[in-house]
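Following: one structure in structure tokens, then a few remarks.
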Amino acid sequence: MFTITVSTEIKEACPVFAGAAVYAEVTNTSFCEDLWTEINSFTGELLATTTLEDIKRQPVIAATREAYKRCGKDPNRYRPSAEALRRRLMRNIPLYQIDTLVDIINLVSLKTGYSIGGFDADKIDGKHLELGIGKAGESFEAIGRGMLNIEGLPVYRDAQGGIGTPTSDEERTKMDLSTRHMLAIVNGYNGKGELQQAAEMIQYLLVAYAASDGGTILYF
């Protein structure tokens with residue numbers, strides 16, 4: 001099991017921050033039809049009940065945006081992933097299909113507003129992660145988007161460096177079809193809120209669609 005700590009700089013910038021992590025043994029697949037039936041049902045409901053103007057007012061997203069400002073990043077230029085997913089749908093751009101584990105994370109993020117990191121736990125260097133703030137010149141290759149300027153972004157670091165921000169995770173520790181152990185981190189910049197519900201939702205979906213027992217939850 002991993003230990004996850006929050007740095008002094010994050011505690012000072014975001015004193016109400018709380019996190020939850022799910023660690024589980026999993027079986028990934030390229031596509032899960034039943035999961036996508038659930039995703040399509042929810043996204044249809046979201047499109048019918050949400051406007052573009054509503055997105056920034058969603059409490060979890062609003063808190064994450066405020067955390068960006070306090071850490072030194074413009075959330076209009078570097079959007080939290082949960083906000084970016086909702087904006088994509090509002091622009092009538094279909095949600096991208098990656099693989100079952102990533103699709104599960106995206107569904108929970110869409111439902112809750114939490115920006116959730118999803119990592120191949122076996123690719124993480126060491127058993128300890130710390131949440132800090134990105135520094136100038138810090139190397140970070142964002143999944144599918146190349147080098148990302150993480151200065152001023154909240155960032156989880158392992159022994160080698162950054163692996164995850166609320167905007168994007170790092171290529172080095174990304175999940176793929178070979179992933180057997182997943183670490184998902186839910187970031188509560190508005191406090192404990194619905195963290196437990198989000199973590200338990202991840203567990204439920206892993207059991208239903210990723211041949212898992214749901215794993216264990218760590219709060220920090």
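Got a sec to turn the phi values of the range 121-131 into Karplus ³J(HN,Hα) couplings, 6.51 cos²θ - 1.76 cosθ + 1.60 with θ = phi - 60°, whole Hz, x for Gly and Pro?
Here the 3J(HN,Hα) series is 4, 6, 9, 6, 7, x, 10, 10, 10, 10, 8 Hz.
Principal axis extents for the range 101-220, Cα atoms only, whole Å, descending order, please.
Over the range 101-220, Cα extents along the principal axes are 41, 34, 26 Å.
Can you compute 3J(HN,Hα) from phi for each residue in the range 177-194, using the Karplus curve 6.51 cos²θ - 1.76 cosθ + 1.60 with θ = phi - 60°, rounded to whole Hz and x for Gly and Pro?
Calculated HN-Hα couplings, in order: 5, 8, 4, 10, 9, 10, 10, 10, 10, 9, 9, x, 6, 9, x, 5, x, 9 Hz.
What fraction, in whole percent, of alpha-carbon pairs in the range 76-146 exceed 20 Å separation? Don't jump to the answer; show the numbers that get you there.
Details: 1014 of 2485 pairs.
Of all Cα-Cα distances in the range 76-146, 41 percent exceed 20 Å.
Report the convex hull volume per residue for the range 162-218, counting only C-alpha atoms, in Å³. Write down the numbers at each step before the final one.
On the way: hull volume 5.9 nm³, N = 57.
Hull volume over Cα atoms, normalised by residue count, gives 103 Å³.
Report the net charge of residues surrounding Q58, where surrounding means a beta-carbon distance below 12 angstrom and charges are Lys +1, Arg +1, Asp -1, Glu -1.
Values: positive: K56, R57, R65, R86, R87, K111; negative: E53, D54, E83, E194.
With Lys, Arg at +1 and Asp, Glu at -1, the net is +2.
Over the heavy atoms of L52, what accessible area does a 1.4 Å probe trace out, to the nearest 10 Å²?
Its accessible surface works out to 70 Å², give or take rounding.
At 1.4 Å probe size, with no ligands or nucleic acids counted, give the accessible surface of Y78 in Å², nearest ten.
Answer for Y78: close to 40 Å² accessible.
Ignoring any ligand, DNA or RNA, what whole percent of the accessible area of the chain comes from carbon and sulfur when the probe is 1.4 angstrom? Spell out each step's value before the answer.
On the way: 4810 of 9690 Å².
In the chain, the share of accessible area belonging to carbon and sulfur is 50 percent.
Express the accessible area of the range 38-115 per residue in Å², computed with a 1.4 Å probe while the remaining protein chains stay in the model. Before the final figure, lay out the partial values.
Working: 3500 Å² over 78 residues.
I get 45 Å² per residue for the range 38-115.
How far is the Cα center of the range 126-201 from the Cα center of the range 44-115, in Å?
16 Å
On the Cα set of the chain, report Rg and Dmax in Å, please.
Gyration radius and largest Cα-Cα distance of the chain: 16.0, 44 Å.
Mean residue ellipticity at 222 nm from the helices of the chain, using -39,500 (n - 2.57) per DSSP H segment of n ≥ 4 over the full residue count, to the nearest 500 deg cm²/dmol? Write down the numbers at each step before the final one.
Numbers: 7 runs with 78 residues, N = 220.
The helix-only estimate for the chain comes to -11000 deg cm²/dmol at 222 nm.
What's the ranking of 114-123, 81-90 by average number of surrounding C-beta atoms within 10 Å, highest first?
Details: 114-123: 24.0, 81-90: 19.7.
So the order, starting with the most tightly packed, is 114-123, 81-90.
The values are calculated or read from the model by the stated rules, or taken from the named source; none is laboratory data. As the structure is a prediction and not an experimental result, all values here were calculated from the model. Note that each Cβ is placed from the backbone with ideal geometry, even for glycine, and that neighbours are counted across all protein chains shown. Note: accessible area is taken over every heavy atom of the protein model, side chains too, but ligands, DNA and RNA are not part of it. Shrake-Rupley method; radii C 1.70, N 1.55, O 1.52, S 1.80 Å.
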